[in-house]
Amino acid sequence: MKLVQVEDPAVGSFDLEDGEVGVLLGRSGAGKTVLIKKLLGLDRRLIARRGSPLSHSCAYVPQSDGVLLDLTVLGNVTCPDPHVAPVPQERALDWLDLVGLRARASSAASDLSLAERRRVALARALSRQKPLLILDGDFDHTLDALLRDLLATVPHLCSVLTTSCVADMRVWKADRVGVVEGSRLIAVGTMGDLVSSLDPDVRAALSWTMA
């Protein structure tokens, strides 16, 4: 069943099935974050997911991570969002354990490295128990390796959509890759399909992402 189905002339077309990992691929400045905000309705667009706005069905980790630096690591996970019940402390510790930060639960978020703050943001997003996880921005390689494991071990999680500036192994393993240029999708497929494309715009966009 399709978890995400986007059909909009302003952004292009992109489908993501339950159980799939998708990647939005493009050079720095191609507009991946702008595109995600469009998909989430943050620029007043609403993209339907099973008849409801996508933003109602996903947990989103922004490029800036969104961690509250005046709270502890644990406090960032237990802190409620509007219309979302607080996460019990023991359950929050389980989410932190999943991302390798249980031992830092009582630490101030301001004492963490950028990579650790990204992990806190991931734990917070997972705790919201949404079927789609959207990760904007680069994560360290150990978290990249977690994506498939998360789909296998987190019961409520159906699909993951992330972004990348580089066509690395994570991108090659993705079920669906959307090439982004000018804040819109110009091609969608597996990485194997995309590198075989004869479209000059697609080839030019991909040339910036080849490590």
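Pairs of Cα atoms in the stretch 68-129 fall into 10 Å distance bins, from 0 up to the last occupied one, in shares of 27, 61, 13 percent.
Charged neighbours of V77, selected by a Cβ distance under 14 Å, balance to +2 (K, R count +1; D, E count -1). The stretch between D149 and R203, if pulled fully straight at 0.36 nm per residue, gains 16.3 nm over its current Cα-Cα span. Sequence-ordered 3J(HN,Hα) estimates for the stretch 18-24 from the Karplus curve with 6.51, -1.76 and 1.60 and θ = phi - 60° stand at 3, x, 9, 10, x, 10, 9 Hz, glycine and proline given as x.
Values quoted throughout were computed directly from the atomic coordinates according to the rules given, and no laboratory measurement underlies them. Since this is a predicted model, take the numbers as computed values, not measurements. Quick reminder, even Gly has a Cβ in these numbers, built from the backbone with ideal geometry, and neighbours come from all protein chains shown.
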